[in-house]
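The structure appears right after this line, and notes come after that.
The values are calculated or read from the model by the stated rules, or taken from the named source; none is laboratory data. Keep in mind the model is a prediction, meaning the values are calculated, not measured. All Cβ positions, even for glycine, are placed from backbone atoms using ideal geometry, and neighbour counts span all protein chains on display.
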Amino acid sequence: MLQKLIFTLLTIFSLISFAYTQDEGKYLVNVNKQGVILDGYDAVSLRDGDVKKGLSTITSTYHGAVYRFSSEANKTRFDADPVMYEPAFGGFCAYGVATGSLVGIDLSTYDTSFQNLNIYNYDKSIARKWKKDPSGYYKKAEANWPKLAGKALKKRKNKE
């Protein structure tokens, strides 16, 4: 009973801490040195199934990541509903997050079949593993994400 209470309190504390980090405008996102997410590809065109490289002259910033777009129309769509186009888990590999690691992604693994989320994985073989139990892996990733993001943000802050 006491262990369950302690676990519950620690979980609540970590969620409050992560929410506080979010309220302060600090989100963990998988970006390059220029702060660009998705290797500069247009998040709207990816969602539409038409992979296009974004232009450095048409951008929006959301949760600290720079999104590039192939057209003003796509930028307008993104700005109207960025959550629709935002990669799950900050653009890190969903399977990696589920297993406790922050790793990069391969854009060819893009998948919206699970709860209409923008899921990416490290490579196609990892994506196949994810697809064997997306619900189970998603639950694990959701549980791991606050801790992984919190550690990475703390590490980043210490480097500054």
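Couple of notes before you dig in:
- Selection status of VAL66, in the same structural domain as GLY150 (by TED's automatic domain parsing), surrounded by 16 or more Cβ atoms within 10 Å (Cβ to Cβ) and not basic (Lys, Arg): no
- Residue that is modelled with pLDDT under 95, closer than 20 Å to GLY91 by Cα and touching a Gly at 6+ places or on another chain (Cβ under 9 Å), where the choices are LYS26, LYS53: LYS26
Every residue, every condition in (1) within 16 Å of ALA152 (Cβ to Cβ); (2) surrounded by fewer than 14 Cβ atoms within 10 Å (Cβ to Cβ); (3) outside the structural domain of VAL36 (by TED's automatic domain parsing); (4) touching a Leu at 6+ places or on another chain (Cβ under 6 Å), yes or no:
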{"residue": "SER56", "(1), (2), (3), (4)": "no, yes, no, no"}
{"residue": "TYR62", "(1), (2), (3), (4)": "no, no, no, no"}
{"residue": "GLU72", "(1), (2), (3), (4)": "no, yes, no, no"}
{"residue": "GLY96", "(1), (2), (3), (4)": "yes, no, yes, no"}
{"residue": "ILE126", "(1), (2), (3), (4)": "no, no, yes, no"}
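- Of all residues in region 71-111, those satisfying the criterion of being under 10 Å from ASN121 (Cα atoms), of a type in the set (A, V, I, L, M, F, W, C) and in a loop (DSSP other than H, G, I, E, B) are PHE92, CYS93, VAL103, ILE105.
- Hits in region 121-144 - residues which are of a type in the set (Lys, Arg), closer than 16 Å to PHE89 by Cα and more than 16 Å from the chain's Cα centre (by Cα): none
- Options GLU72, GLU86: the member that is closer than 27 Å to LYS140 by Cα and out of contact with any helix residue (DSSP H, G or I) (no Cβ under 7 Å at 6 or more places or on another chain): GLU86
- Condition met for LYS147 (exposed (fewer than 13 other Cβ atoms within 10 Å of the Cβ), over 20 Å from SER45 (Cα atoms) and not assigned by TED's automatic domain parsing to the domain that holds ASP42): no
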